[in-house]
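What follows is a set of notes on a single structure, which appears directly below.
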Amino acid sequence: MHYTTRLSLALVLTLSSWASIGITAEKGSSTAAARPAGQSELQEKLNQRIDLDIVEMPLKDVCLHLNEKAGIQIYLQLKKLEEASVSADCPITKSFKQVRLNTILELMLKDLELTYIEKDGLLLITTPEDAESSMEIRVYDCRDLLAMPAPQIPAADRPRTQPAQPSVSDPGVPAGTRTMGGSLGGIPQQRRVPETELERRTDQLTDLITSSVQPDSWDEVGGPGSITSFNGIYVVAQTMRVQDKVEQLLNLVREPAGLEARYGRVVK
């Protein structure tokens, strides 16, 4: 492939390239005030429901079509695609009615063993390996979740529990700690037994996140992601896709508790 041709396929699709997209962007700006807390403009567009009906359309043209339809800037990481033996001219055939754009992209790219990540307002189409190497840090304010009143359970209905005992098979575990599920460099990961109600709730929320969202991606089981907390503020290092799922999970937990998502600020 000639150098000039390869450059032409490295698509950075700008709004100025399409006259009709200016209308889409203008409409989106009018709803900015209603955008959920922590949700970017790109995430808002990815959550919109669209119709899509394409037959044998090259991948690069699908990107152009979605740009025109949703006003999203898309960049094909051609070098990564070449490494995965995927051509920008690979034909795509899909038909969807009122399906969220992020779901359409996930299904379409999964067939090609590709994925997408968000970077500076762009949607980058790349390989899963490249996406996993692109870590980002987000800070989640979860003080509202940790401050939720505990349900009142009659004493007779409370389950009987016994204090945790150190494992006989792990004589090296110091008193006052418990071993987590994974290991790092052959050394079992350890966590201090919570001494206060806040510490107990903090551990419970941490376990909820790491067991519900991509469980094999956290450092306690050898994955790249990490999660730490301080006084209800959680610092998470993960890929963009996992971060979005963490944010979604926390907001889902807030919903039945009657908490508003806008109180759970997310700093990206």
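Throughout, read-outs are computed from the coordinates displayed, never taken from laboratory work. Keep in mind it's a predicted model, so treat the numbers as computed, not measured. Cβ: placed from backbone, ideal geometry, glycine included. Neighbour counts: every protein chain shown.
Structure notes:
- In this structure the amide hydrogen of residue 214, modeled in the peptide plane, comes within under 5 Å of no amide hydrogen from residues 5 or more places off or on another chain.
- Between residue 65 and residue 265, the C-beta separation translates, for a Förster distance of 41 Å, into a calculated FRET efficiency of about 0.70.
- Once backbone amide H atoms are built at 1.01 Å from N, residue 265 has 141 as its partners under 5 Å, excluding neighbours fewer than 5 places away on the same chain.
- Other-chain or far-sequence residues with amide H under 5 Å of residue 99's (modelled H): 50
- For the range 103-142, the Cβ-based charge dipole about the Cα centre amounts to some 80 debye (Lys, Arg positive; Asp, Glu negative; other atoms uncharged).
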